[in-house]
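Shown next, in structure tokens, is the structure this report addresses.
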Amino acid sequence: MLEIDHTHFYVDDAKKWRDWFVSVLGFQALGETSDRHTHTEIVAYCSQSLFDSTSIIFLLSSALNNLSPVADYLSYRSCGVVDVAFRVSDLEAILKNLTPLSLPIQEWQSEQGKLRWATITNGVNFQHTLIERQGITAIFPHITTTSILPNYSPRFLGIDHLVLNVGVGELEKTTTWYENILGFEKEQNFTIKTGQSGLYSQVLFHPSTNLKFPLNEPLSINSQIQEFINLNKGSGIQHIALKTPAIIDSVAEFRKAGLEFLSVPNEYYNSLDKANLSDLEWQGISKQKILIDADLFDSLQPLLLQIFTKPIFKEPTFFLELIERRNQKQGFGEKNFQALFEAIEEEQAKRGTL
């Protein structure tokens, strides 16, 4: 078993971003912790319990002084994801795949449960914490959280996928690392181009949970993926896709809260088939600028609906995605991928980096 446990961000002001996730996206502030150098806020969106497949947990850390690792990180990088923590069922089995074999496992135990974890680095210097939980545990031993408030009409149903950008020539070796170490498997691959730039993408998935993990590599020196690598000073998480059961209503609500989304031209909808969408849904989708991918030749007509925010931090590196899958829709549509690439490229042109 492998699924996302939590995601750790380094940011300029943890309390400011705690308030943003709460007020804009409807997350719950769960708690905070500090040491001499770093302050961390915990926010979450859970429809049931804290550690299940529908939970979304973000740790937001900022520096209290120049000795904080966050201060060092942000001195040459932009705000963003520094660690994607995976919850696993057999920590030792994964660590046996690594060299060296003697990575330390940390443990903590209470009357209610046991927590074991180890931190590893992939082939392109990005960090993953692997966590094995037994019984009832805290996020980490030194973090006390408040009780989860149930979301009776949830806007999110967990994380659908996250996307890792890597440098030129690093896609194949990074793919191999995730296959050999964490047990991911290849699903789809794409080559996306315009007249000005492009990217390669390899979509991975984990067979135990169907967690999807696309990896992107720049195809040209002015590619938006290369821009990310330049600004981030290396590989990193480009975006996280949050599953929603009602994307039209969710997008409308988040727009009112001040969340900005990438736009697509009206002409995009002229070339699409309405599939099994009602006239009312079609109007909502086109009004909210949501991307559509439908399998029209499948009797179920599986449908993928996606929309992407503008970068949420100062530098144009990290953004969020909202995604709704209907009728057992799997994978990703190339037309949606192309539309996303072109929308980001348009923003890139405005910045003068294309």
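The values are calculated or read from the model by the stated rules, or taken from the named source; none is laboratory data. Because the structure is predicted, anything quoted here is derived from the model rather than measured. Positions of Cβ are backbone-derived with ideal geometry, glycine not excepted, and every protein chain shown enters the neighbour counts. Heavy atoms of the whole protein, side chains included, go into the accessibility calculation; ligands, DNA and RNA do not. Shrake-Rupley method; radii C 1.70, N 1.55, O 1.52, S 1.80 Å.
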Stretch Y269-K310 to full length: gain in nm at 0.36 nm per residue minus the Cα-Cα span? 12.7 nm
Using each residue's phi in the stretch 118-133, evaluate 6.51 cos²θ - 1.76 cosθ + 1.60 at θ = phi - 60° and report the 3J(HN,Hα) Karplus result to the nearest Hz, with x for Gly and Pro. 8, 10, 10, 10, 6, x, 10, 6, 10, 9, 10, 9, 9, 10, 10, 10
With all protein chains present, calculate the accessible area of Y200 using a 1.4 Å probe and round the result to the nearest 10 Å². 90 Å²
Obtain the radius of gyration and the Kirkwood radius of the stretch 180-276 from its C-alpha atoms and give Rg over Rh. 1.01
For the stretch 264-354, the spread of Cα positions along each principal axis, largest first, Å: 44, 24, 20
Peptide ranges 279-286, 341-348 listed from the most packed, as the mean C-beta count within 10 angstrom indicates: 341-348, 279-286
Most fluctuating of N230, N222, N327 in the GNM of the chain (C-alpha, under 10 Å) is N327
Two pseudo-spin positions, 7 Å from Cα along C-beta at T176 and at A257, lie apart in nanometres by 4.3 nm
Relative contact order of the chain, pairs being alpha-carbon contacts under 8 Å that are 6 or more residues apart, as %: 15 percent
Mean-position separation - Cα centroids, the stretch 182-200 and the stretch 299-351, in angstrom: 14 Å
When only C-alpha pairs under 8 Å and at least 6 residues apart count, what is the relative contact order of the stretch 215-354, in percent? 29 percent
Mind checking the alpha-carbon convex hull of the stretch 67-216 and giving the volume per residue in Å³? 188 Å³
By what distance, in whole Å, do the Cα atoms of the stretch 37-148 stretch along each of the three principal axes, largest value first? 39, 39, 24
Need one number: nm distance between label points at D90 and T54, each 7 Å from Cα along Cα→Cβ, rounded to one decimal. 3.0 nm
For K16, go through the aspartates and glutamates and keep the ones whose alpha-carbon is under 14 Å away, minus same-chain ones fewer than eight residues off. E32, E41
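List, in the order given, every pair from K96/K186; K274/K329; K96/K233; K212/K274; K173/K329; K186/K212 whose Cα-Cα distance in the structure shown is over 20 Å.
K96/K186; K96/K233; K212/K274; K173/K329
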Amide H partners (placed H, <5 Å) of L157, local residues excluded: K243, T244
Globularity ratio of the stretch 65-129, using Cα Rg and 2.2 N^0.38 Å: 1.38
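Could you do me a favour and compute the accessible area per residue for the chain, 1.4 Å probe, result in Å²? Don't skip to the end; give the middle numbers.
Numbers: 15720 Å² over 354 residues.
I get 44 Å² per residue for this part.
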Whole-Å distance, taken between Cα centres, linking the stretch 262-284 and the stretch 222-241: 30 Å
Find the Rg to Rh ratio for the chain, where Rh is the Kirkwood radius over alpha-carbon pairs and Rg uses the same atoms. 0.95
What is the set of long-range amide H partners of F261 at a cut-off below 5 Å, with H atoms built 1.01 Å from backbone N? K310
Using 0.36 nm times the number of residues separating N125 and D72, minus their current alpha carbon distance, what extension gain do you get? 17.5 nm
Carbon and sulfur %, accessible surface of the chain computed with the full protein complex present, 1.4 Å: 48 percent
Mind ranking 312-318, 2-8 by how tightly packed they are, going by the mean number of other C-beta atoms within 10 angstrom, highest first? 2-8, 312-318
How far apart, in nanometres, would the label points at W108 and D19 be if each is projected 7 angstrom from Cα along the Cα-to-Cβ direction? 2.8 nm
